[in-house]
Amino acid sequence: MTTIAIRQKLMTYLADADDSKVKALYTLLEKELQEEDTFVLTDEQLQILDKEREMHINGQTKSYSREEANQIIKGQRAF
């Protein structure tokens, strides 16, 4: 069974399930759901970001607007 089929079955089941079953499923997934809301960078990642920020502030790197970045990604512009 594909992931898409599983998702559809679960959505259908949850829409019709009684409250106690929905709460039981939520309890099983609660920790994982809460962890997905939390994003933590490692010390190494924070150091890289600090270095990149400092370089940007000092004018050592170039920044791009959202539109420019999209053009670069689509190959419509060189960086």
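The table for this structure:
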| item | result |
| --- | --- |
| Filtered residues of the range 50-72 (kept if free of Cβ contacts under 8 Å to residues at least 12 places away in the same chain and surrounded by 11 or more Cβ atoms within 10 Å (Cβ to Cβ)) | 52, 53, 54, 55, 56, 61, 68, 69, 70, 71, 72 |
| From the options 14, 33, 25, residue that is under 22 Å from the mean Cα position of the chain (by Cα) and without any contact (Cβ under 8 Å) to a residue 40 or more places away in the chain | 33 |
| Residue 69 vs. criteria of a type in the set (Gly, Ala, Ser), within 22 Å of the chain's Cα centre (by Cα) and modelled with pLDDT of 90 or more | yes |
| Given (1) of a type in the set (A, V, I, L, M, F, W, C); (2) assigned to a helix (DSSP H, G or I); (3) exposed (fewer than 10 other Cβ atoms within 10 Å of the Cβ), number of the condition residue 40 does not satisfy | (2) |
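A quick yes/no check of all residues on (1) assigned by TED's automatic domain parsing to the domain that holds residue 63; (2) of a type outside the set (D, E, K, R); (3) closer than 30 Å to residue 63 by Cα; (4) part of a helix (DSSP H, G or I):
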{"residue": "9", "(1), (2), (3), (4)": "no, no, no, yes"}
{"residue": "12", "(1), (2), (3), (4)": "no, yes, no, yes"}
{"residue": "15", "(1), (2), (3), (4)": "no, yes, no, yes"}
{"residue": "23", "(1), (2), (3), (4)": "no, no, no, yes"}
{"residue": "29", "(1), (2), (3), (4)": "no, yes, no, yes"}
{"residue": "47", "(1), (2), (3), (4)": "yes, yes, yes, yes"}
{"residue": "50", "(1), (2), (3), (4)": "yes, no, yes, yes"}
{"residue": "53", "(1), (2), (3), (4)": "yes, no, yes, yes"}
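The values are calculated or read from the model by the stated rules, or taken from the named source; none is laboratory data. The model shown is predicted, which means the values in this text are computed figures rather than measured ones. Heads up, the Cβs are rebuilt from the backbone with ideal geometry, glycines too, and the neighbour counts pull from every protein chain shown.
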